[in-house]
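J.: Shown below is the structure under consideration.
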Amino acid sequence: MIHRQDGNVIVCKIEKDEDVFQSIENLAKIYGINAGIIVSGIGMLKNFEIGYYNGRDYEKKFMEKNHELVAMHGSIASDDPKIHIHVGLAGPDHSIIGGHLLSAKADPFVELTVIKVSGKFSRIYNEKTGLKELNVL
Amino acid sequence: MIHRQDGNVIVCKIEKDEDVFQSIENLAKIYGINAGIIVSGIGMLKNFEIGYYNGRDYEKKFMEKNHELVAMHGSIASDDPKIHIHVGLAGPDHSIIGGHLLSAKADPFVELTVIKVSGKFSRIYNEKTGLKELNVL
Amino acid sequence: MIHRQDGNVIVCKIEKDEDVFQSIENLAKIYGINAGIIVSGIGMLKNFEIGYYNGRDYEKKFMEKNHELVAMHGSIASDDPKIHIHVGLAGPDHSIIGGHLLSAKADPFVELTVIKVSGKFSRIYNEKTGLKELNVL
């Protein structure tokens, strides 16, 4: 991973075969990101798992094959789950699948941009939804 | 809705069953946003209507079922239509639909980020296209 | 094209029939962008070509018909290829296609937002991937 900061904007390139979540956790450590928003992510992912939340748990789909990353957004918090990402991914026939991202590797790379926000975001368990939800306060 | 500002970046979480357009209008009032860009939106939408503009009007599709929000971008202006949003949404089979967003509710929530721009954006009617279009000047 | 800057945020509207890549190159010249991130793009594209990188070259698809632009992200560098863009696009039936954007025209318009980053991004040829890749350092 290579990375650079300009004010509250942090740009990085996740290299081939690097784990996406581990790379973003590393980025958060390097730049002290306790609150952040992923505002852009392009490149390609492989060995990724996406999920659809049905109100109880995630209906998952794993794909080994490289897909073009056309949408990648999310939040970085100080509490687990630190990183919450949704993606849209285009395959060889240009059709798109997507959802909540559970795991992924970059291949050949991912260009990622994070806006760092002052203070801390946390995640608070919500009994009604069964999810640990973003708290921006 | 919970929300926080850090410089020109405003992050909010729209809560379960809250209307997306009403929530963003409220956010615009609270932070005096007369010009803004939605740079990230994840979570899930339900009871949403999306449209495809065919050059005369919108070909619409309404869906009740919750979908994972994988892309949400748009502009906030001081004139009607104040809020212009496009979305990409993944269903239970992880396939994606999308287009111009006409209405939606959050469920279980939407994490939304807006960059506030100084001054005002307006919308000006364009006879050639039949649309009220963004004026950034 | 109409455009405005507020700090490191540049917002523009690409007008009907204007070329998307030429417009962004012009924007980069006007504002001296040698490093930038496309954080939002909505509107519609026509006469666009998208590609899927199979490890050797792009599997391409050209479409004449207007599509709703639901995701548009990318990077602006000082070296060729100056502009790297991925898109997600919804057709009349609201299904979405996407990938690496090779060419496109706006119709009726594209609302585009770029965050300008200080210094320069370059592209460096990577023998392993066969691609000129983003260097943020």
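The values are calculated or read from the model by the stated rules, or taken from the named source; none is laboratory data. All values reported here derive from a predicted model rather than from experimental measurement. Heads up, the Cβs are rebuilt from the backbone with ideal geometry, glycines too, and the neighbour counts pull from every protein chain shown.
J.: Considering only residues that are touching a Lys or Arg at 6+ places or on another chain (Cβ under 9 Å) and polar (S, T, N, Q), which ones fall in region C:23-42?
T.: C:34
J.: Quick one: count up the residues across region B:14-24 that are over 24 Å from residue B:119 (Cα atoms) and surrounded by fewer than 24 Cβ atoms within 10 Å (Cβ to Cβ).
T.: Looking only at that region, the number is 5.
J.: Still on this structure: Could you list all residues from region B:101-137 that are closer than 16 Å to residue C:70 by Cβ and either in contact with a Lys or Arg (Cβ under 9 Å, 6 or more places away or on another chain) or surrounded by fewer than 24 Cβ atoms within 10 Å (Cβ to Cβ) (or both)?
T.: B:102, B:104, B:110, B:112
J.: Quick check on region C:93-130: of everything there that is more than 23 Å from residue A:17 (Cα to Cα) and free of Cβ contacts under 8 Å to residues at least 24 places away in the same chain, which residue is farthest from the other protein chains (Cβ to nearest Cβ)?
T.: Taking the candidates together, the pick is C:93.
J.: Here's a check for you: in region C:63-85, which residue that is of a type in the set (Val, Ile, Thr) and more than 7 Å from chain B (Cβ to nearest Cβ) is farthest from residue B:59 (Cα to Cα)?
T.: By that ranking, first place goes to C:76.
J.: Let me ask another. Among what's in region A:25-73 and is acidic (Asp, Glu) and in contact with a Gly (Cβ under 9 Å, 6 or more places away or on another chain), pick the residue that is surrounded by the fewest Cβ atoms within 10 Å (Cβ to Cβ).
T.: A:57
J.: Which of (1) out of contact with any Ser or Thr (no Cβ under 9 Å at 6 or more places or on another chain); (2) within 12 Å of chain C (Cβ to nearest Cβ); (3) surrounded by fewer than 21 Cβ atoms within 10 Å (Cβ to Cβ); (4) of a type outside the set (Lys, Arg) does residue B:88 not meet, given it meets every other one?
T.: Of (1) out of contact with any Ser or Thr (no Cβ under 9 Å at 6 or more places or on another chain); (2) within 12 Å of chain C (Cβ to nearest Cβ); (3) surrounded by fewer than 21 Cβ atoms within 10 Å (Cβ to Cβ); (4) of a type outside the set (Lys, Arg), only one is false for residue B:88: (3).
J.: Report yes if some residue within region B:57-75 is touching a Ser or Thr at 6+ places or on another chain (Cβ under 9 Å), closer than 23 Å to residue B:126 by Cβ, among the hydrophobic types (A, V, I, L, M, F, W, C) and modelled with pLDDT of 95 or more; otherwise report no.
T.: The answer is no; no qualifying residue exists.
J.: When the residues of region A:2-21 are filtered to those that are more than 7 Å from every other protein chain (Cβ to nearest Cβ) and in a strand (DSSP E or B), which remaining residue is nearest to residue A:84 (Cα to Cα)?
T.: Only one residue fits best here, namely A:19.
J.: Moving to a separate point now. Among the residues of region B:93-137, write down those that are basic (Lys, Arg), modelled with pLDDT of 95 or more and not in a strand (DSSP E or B).
T.: B:120
J.: Those residues that are in a helix (DSSP H, G or I) and touching a residue at least 60 places away in the same chain (Cβ under 8 Å), I need them from region C:29-73; list them, please.
T.: C:31
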